[in-house]
Amino acid sequence: MTTATLDTSTARISAVVGIGHTDWVEDYRRVRNGEKPHDSYGYAAAAFRRALEDAGLERDDVDGLIVGPTTAYERMGEILNIDPRWGGQADAVQAVFQAVMAIKSGMAEVVALVYGNDQRSAAVQYGGPEAMGGGAFLSYVYHSPWGLTSQGALYALMFQRYKELHGITDRDLGQVAVGQRQWANLNPNAIMRGKTLSLDEYLAVKYIAEPLRMNDYCLINDGGVALIIMEAGRARRASDKAVMIQGLGRSDLNHHATSLGPRLMDFYLPAQRRAAEQVYAQAGIGPDEIDALLVYDSFSPHIFFALEGFGYCAPGEAARFIADNGIGVGGALPVNTHGGHLSESYMQGWSHQVEAVRQVRGGLGERQVPNCRAVQYVSDVAGKAMSIIYGR
């Protein structure tokens, strides 16, 4: 499919009119002190209430509901007391895609996206023999007899090959964690605010799974996030804070997935390029017109792969691009301006959508990207390369 023939009919037909989340910093403090403020449903419900308030809507205005994979759809709908015309369950990026398509089809006009996770207080295991309950749908679980039982080990293996191919150093990788901590120190919602990180401090920490150190790993914390997405015409009439969803792009790599081929051989590059072609065609802009880039960052190498796969630099050039241009505060390409999963909060991509909306709305003080008109979100989890462009 060429750019000229790409379907752009989902561009600018919907907008985010409401965002909400729980107090991740306070939630983290309380859980560390042995308390359990909420379960996953409670966190989600609190975030939903705040998103409604932000949108200036009532619960009965909502006619679509998508819940995150950490809660059951039917039970979440029962707790929120919503009987929607259309509903489902999805992760963060797919939830936005589904909401847009529901609006395009006329199945809903106001879709609530609701996520809650008590992963820290519930002691969810993301590694070891009981990783995520031993779910066989996770590709690395097939390799557990050889000791590969966690996403961290998987991304360590992936980035080690990338390092050998392109001559990357640990100091190059450390630029990601340092840059995102700079942003977190300007963000009152960031769990790691007030905890500075230099490159020397980064390098002084021992490996967890070489070449990844502790600061290359995401946080694990409780919390909730919600968004309200509305049909664009109605959004313009209802809110002066509406942020348009300008474009979507997706391409998956499933062939040889359980043998880890797509990530180890090509670092998801073919899928990212196809998704990039779609999202830029829909939005009518390219990477040189993006004001801030938000990348799903369960581990810091995601940033390298996203920069290369979505056209910000050539394959193998991400380290040089970061060094020459900067991705932290004052850099030419602001990346994960909230601190990302590494330093703000691990909400499995949901908090990135909130940050995109906030940057386009403006008014974030020192953290605000000047004249921010377009923000791109990128995700490549498990070979699903997906992207959203938010804008004015």
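Suppose we filter ASP200, ASP222 for residues that are under 25 Å from GLY127 (Cα atoms) and acidic (Asp, Glu); which single one remains?
Details: ASP200 fails: under 25 Å from GLY127 (Cα atoms).
Checking each option against the conditions leaves just ASP222.
Can you pull out every residue in the stretch 355-373 that is aliphatic (A, V, I, L, M), in contact with a strand residue (DSSP E or B) (Cβ under 7 Å, 6 or more places away or on another chain) and surrounded by fewer than 24 Cβ atoms within 10 Å (Cβ to Cβ)?
Going through the stretch 355-373, the residues aliphatic (A, V, I, L, M) turn out to be 356-357, 360, 364, 369.
From the residues that got through so far, the ones that are in contact with a strand residue (DSSP E or B) (Cβ under 7 Å, 6 or more places away or on another chain) too are 356-357, 360, 369.
The answer is VAL357, VAL360, VAL369.
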Can you tell me how many residues within the stretch 226-263 are open to solvent by less than 30 Å² (accessible area, probe 1.4 Å), in contact (Cβ under 8 Å) with a residue 60 or more places away in the chain and not β-branched (Val, Ile, Thr)?
15
Report yes if some residue within the stretch 133-150 is surrounded by 15 or more Cβ atoms within 10 Å (Cβ to Cβ) and at pLDDT 90 or above; otherwise report no.
no
With the checklist (1) in contact with a Phe, Trp or Tyr (Cβ under 9 Å, 6 or more places away or on another chain); (2) of a type outside the set (D, E, K, R); (3) open to solvent by less than 10 Å² (accessible area, probe 1.4 Å) in hand, flag the one item GLN348 doesn't pass.
(3)
Looking only at strands (runs of 3 or more DSSP E) that lie completely in the stretch 1-100, which have at least 1 residues being open to solvent by 10 Å² or more (accessible area, probe 1.4 Å) and out of contact with any Leu (no Cβ under 9 Å at 6 or more places or on another chain)?
14-21, 86-89
Based on this model, can you work out whether SER198 counts as modelled with pLDDT under 95, more than 30 Å from ASP39 (Cβ to Cβ), of a type in the set (Ser, Thr, Tyr) and out of contact with any strand residue (DSSP E or B) (no Cβ under 7 Å at 6 or more places or on another chain)?
no
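The values are calculated or read from the model by the stated rules, or taken from the named source; none is laboratory data. Keep in mind it's a predicted model, so treat the numbers as computed, not measured. Glycine also receives a Cβ, built like all others from the backbone with ideal geometry; neighbour counts cover every protein chain displayed. Just so you know, the surface numbers come from the protein's heavy atoms only, side chains and all, with ligands and any DNA or RNA stripped out. Shrake-Rupley method; radii C 1.70, N 1.55, O 1.52, S 1.80 Å.
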